[in-house]
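Contents: one structure, followed by commentary.
The values are calculated or read from the model by the stated rules, or taken from the named source; none is laboratory data. The model shown is predicted, which means the values in this text are computed figures rather than measured ones. Positions of Cβ are generated from backbone atoms using ideal geometry, with glycine treated the same way; all protein chains shown enter the neighbour counts.
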Amino acid sequence: MKKIIICQIVFSVVLMNCQEKKAEKTTSKAHKIDNTINNSQKEFDFKELKFGSNINDLLKGIGLSSNDNALDEYNISGDYEEFQFPKDKNINLSIFNNALQSGTDNISVFYLKTNKKIWGYEMELINNSNAETIISSIEKRVGYKPDFAEKKVNTKERPIFLDENGEFKKDHMEENIQVWEDKGNKTVYFTIYTANFSKNPNENRLKIFVLDKASVKYKEWISYRSLDMLYNK
């Protein structure tokens, strides 16, 4: 009788261990699937962005929500909102297949308050090694040379740029401004690329403004950003 009882106890312990291991494997497998889903959701190339699409759909597609906005201010008076991508999230952002540095680059999307429709986005890329390639990719996307182009050169002998104190900079710097209007897609691209050749290594900053020309916000925004001084057609 004792032998029977002991055998039953042993069998129960073995059965419990098997069930626990099976549960652990199931949980582990589910965890791996969840990680795979999360990783796939956190990738986005701005070439896929369609103006007029809903901001919430965009964010949901890469595992974010409006609560992840890096800006802590709410636009009370305006009819639009800005979503700035957080730098503490593991998000693989790119533009025309060129990687962005989500940890240092400033990247924002603008949308209307009423219907959440996206009408523009802006980027400030600091010392991004892909900066010049990105500019070339924009030109390739549009399919022709810029509608407006201007180059400014700053030297010690002929300074034209001012620092934050209002004094002329003495570094050798170049600023290239280019504008493309993609009439087929009603999209206007503004790029301002500044390189400082007096720094070692060289420093660069690329500002990108991409706007929906069909939007009610277009004229107001190019005026607000003083972009209408460059291109206002």
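Which of the residues spanning the range 123-136 are part of a loop (DSSP other than H, G, I, E, B) and surrounded by fewer than 15 Cβ atoms within 10 Å (Cβ to Cβ)?
S129, the sole residue that qualifies.
I want to confirm something. Restricting to the range 137-176 and keeping residues that are surrounded by 12 or more Cβ atoms within 10 Å (Cβ to Cβ) and hydroxyl-bearing (S, T, Y), which single residue is nearest to L93 (Cα to Cα)?
S137
Based on what the data block shows, is N92 within 21 Å of S215 (Cα to Cα), surrounded by fewer than 16 Cβ atoms within 10 Å (Cβ to Cβ) and either modelled with pLDDT of 75 or more or touching a helix residue (DSSP H, G or I) at 6+ places or on another chain (Cβ under 9 Å) (or both)?
It is false that N92 is within 21 Å of S215 (Cα to Cα), surrounded by fewer than 16 Cβ atoms within 10 Å (Cβ to Cβ) and either modelled with pLDDT of 75 or more or touching a helix residue (DSSP H, G or I) at 6+ places or on another chain (Cβ under 9 Å) (or both).
Go through the residues of the range 182-193 one by one and say whether even a single one is out of contact with any Pro (no Cβ under 8 Å at 6 or more places or on another chain), farther than 24 Å from S53 by Cα and either modelled with pLDDT under 95 or surrounded by 18 or more Cβ atoms within 10 Å (Cβ to Cβ) (or both).
Yes; the residues of the range 182-193 include at least one that is out of contact with any Pro (no Cβ under 8 Å at 6 or more places or on another chain), farther than 24 Å from S53 by Cα and either modelled with pLDDT under 95 or surrounded by 18 or more Cβ atoms within 10 Å (Cβ to Cβ) (or both).
Check whether at least one residue in the range 73-87 is surrounded by fewer than 18 Cβ atoms within 10 Å (Cβ to Cβ), touching a Lys or Arg at 6+ places or on another chain (Cβ under 8 Å) and at positive phi, and report yes or no.
Within the range 73-87 (the criterion being surrounded by fewer than 18 Cβ atoms within 10 Å (Cβ to Cβ), touching a Lys or Arg at 6+ places or on another chain (Cβ under 8 Å) and at positive phi), the answer is no, since none of the residues qualifies.
Is at least one residue of the range 96-108 out of contact with any Cys (no Cβ under 6 Å at 6 or more places or on another chain), closer than 20 Å to F209 by Cβ, touching a residue at least 12 places away in the same chain (Cβ under 8 Å) and in a helix (DSSP H, G or I)?
Checking the range 96-108: not a single residue is out of contact with any Cys (no Cβ under 6 Å at 6 or more places or on another chain), closer than 20 Å to F209 by Cβ, touching a residue at least 12 places away in the same chain (Cβ under 8 Å) and in a helix (DSSP H, G or I).
Pick from G103, G61, G120, G52: which is surrounded by 18 or more Cβ atoms within 10 Å (Cβ to Cβ) and of a type outside the set (A, V, I, L, M, F, W, C)?
Answer to the selection: G120.
Would you mind stating whether K151 is modelled with pLDDT of 95 or more and at positive phi?
In short, no.
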